[in-house]
Amino acid sequence: MAWLLLFSALAVVSPQATAEEIAILAGLAVVQLAAPRLAALETPKARNILIAVKLGLGFLLIGVTGGILSSYYPILLLPVVSAATTLGPGGTALVTVLGAAAYLVFLPIAASFGYPLLPETLREAALRVLFLPLVSFLTYQMAAENREQARRAQRSADDLAEANRRLSEAEETVRRTERLAALGQLTAGLAHELRNPLGTIRASAEMLGKRVAGGDAVAAELTSYIEGEVDRANTLVGRFLDFARPLRLRKSGVDVNALADRAAEALVREKAGRAGRIHKNFDPTVKIVEADPDLLERVLVNLILNALEASPDEATVTVKTRQTAEAVEITVLDRGQGVAPEHREQIFNPFFTTKPTGVGLGLAISARIVGEHGGAIRVDSEPGRGAAFTVSLPAVES
Ligand code: ADP
């Protein structure tokens, strides 16, 4: 709208505007209006063409309105400013020189028509032309500053997004650790309280069994049921206590690549038929971590075993290590069914399992071990396409 008004005003104030003059002004108005509206003109090539068109129309306009004496000489600022805001320093300089040439070329043309080139005319022409590099330089500087500011703003936005992501990850880890600690305490208390009554029930059932032995067959069978079920309950209580027992870390400097290799090999030996299915992708630059090698190996074995169990028969499981700015990461990746979004947190709870014969302690124990090492374990999964469990451990500065 503003452009239309400006170009119309130019046509109106111009004394004895000719048809060519108005046509060229209209052409310039169209170019100026269309450029920011058409997506097709966003490419660098289209932008260069537009600048060339503006330069050409400016040249024509000056040509039809008196050449070197034309009052339209500032029209050459249009291509120069466009170049300064969109091109690099070389392109801007080139367009500025071409703009100056498009004006100065009217000097020899005027001379060839016998127009006397007085010193005042030359001085005036030089002055007019000098405005082009002046405006060009100023605009280029401002545009460059703007671009730098936009870049800085983008960088801050990226940093902020990254910080946000880390914060929510850290929050998730803290929530999980608190939940596991509370569950651990509850479990330990309950299991401890159950031990004694279970012992009494077991002993009583045994005694009862001896009394009815040889007599009542049904009673004998019932007592053996009681004994069997109490044994099952006892095993479960044992597992609860196992889970709740405080971990004692025996830390030493651990080469994560060697450890991951050992865990993978242990599983290859155990599951001989599926030997070829573990693919190792180790980063040779990983630093040493301070960790309990046995516990950490248990974590990796758990993760690889889960990945193998989740994978279809011939699919490969990848064990990958990576050194990041502040941690060593070990990722176990599979192409199985993945983890449903509503299970993402639950899978770290003790006794949560979706497997018919699963116990549901693997990930809970793994999360506890990693937590005790000051690290974190996270899962990225697209349901139906696989899962990636990543353990990140703080690296020791060597
Ligand atoms: P368990 O293996 O005995 O079920 P875990 O604690 O190791 O116990 O795992 C808990 C649950 O997490 C599993 O039952 C399964 O639903 C889910 N899970 C673990 N690893 C994977 C995996 N790689 N892909 C899909 N689901 C997984």
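Worth a mention:
- Filtered residues of the stretch 176-219 (kept if touching a residue at least 24 places away in the same chain (Cβ under 8 Å) and under 31 Å from the mean Cα position of the chain (by Cα)): Arg176, Thr177, Arg179, Leu180
- Segments classed as strands (runs of 3 or more DSSP E), wholly inside the stretch 234-336, with at least 2 members that are under 18 Å from Gly374 (Cα atoms), at pLDDT 90 or above and open to solvent by less than 30 Å² (accessible area, probe 1.4 Å): 289-291, 327-334
- For the stretch 345-384, taking the residues that are acidic (Asp, Glu) and outside any loop (DSSP other than H, G, I, E, B), the one that is surrounded by the fewest Cβ atoms within 10 Å (Cβ to Cβ) is identified as Glu382.
- The stretch 356-398 - residue that is of a type in the set (A, V, I, L, M, F, W, C) and in contact with a Leu (Cβ under 7 Å, 6 or more places away or on another chain) and, of those, farthest from Arg335 (Cα to Cα): Ile369
- Hey, Leu180 open to solvent by 100 Å² or more (accessible area, probe 1.4 Å) and under 30 Å from Ala367 (Cβ atoms) or not: no
- Output for the stretch 177-209, where each listed residue is hydroxyl-bearing (Ser, Thr, Tyr) and at pLDDT 90 or above: Thr200, Ser204
Yes/no per residue for (1) within 11 Å of the ligand (Cβ to nearest atom); (2) charged (D, E, K, R):
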{"position": "Arg335", "(1), (2)": "yes, yes"}
{"position": "Gly338", "(1), (2)": "yes, no"}
{"position": "Pro350", "(1), (2)": "yes, no"}
{"position": "Lys355", "(1), (2)": "yes, yes"}
{"position": "Gly371", "(1), (2)": "no, no"}
{"position": "Gly375", "(1), (2)": "no, no"}
{"position": "Pro383", "(1), (2)": "yes, no"}
{"position": "Ala387", "(1), (2)": "yes, no"}
{"position": "Leu393", "(1), (2)": "no, no"}
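- On the stretch given as the stretch 291-308, residues that are within 11 Å of the ligand (Cβ to nearest atom) and either within 27 Å of the chain's Cα centre (by Cα) or farther than 10 Å from Phe389 by Cβ (or both) total 8.
- Selection within the stretch 316-330: residues that are touching a strand residue (DSSP E or B) at 6+ places or on another chain (Cβ under 7 Å) and free of Cβ contacts under 8 Å to residues at least 60 places away in the same chain. The member of this set that is farthest from the ligand (Cβ to nearest atom) is Arg322.
- Unique residue being away from the ligand (no atom under 16 Å from the Cβ), in contact with a helix residue (DSSP H, G or I) (Cβ under 6 Å, 6 or more places away or on another chain) and over 29 Å from Ala182 (Cα atoms) when the list is Val256, Val268, Val218, Val237: Val268
- Single residue of the stretch 49-70 satisfying the filter (without any contact (Cβ under 8 Å) to a residue 40 or more places away in the chain and of a type outside the set (A, V, I, L, M, F, W, C)) that is surrounded by the most Cβ atoms within 10 Å (Cβ to Cβ): Lys54
The values are calculated or read from the model by the stated rules, or taken from the named source; none is laboratory data. Everything quoted here is computed from the prediction, not taken from an experiment. All Cβ positions, glycine included, derive from the backbone under ideal geometry; neighbour counts span all protein chains shown. We work out accessible area using only protein heavy atoms, side chains counted, and drop any ligands, DNA or RNA first. Shrake-Rupley method; radii C 1.70, N 1.55, O 1.52, S 1.80 Å.
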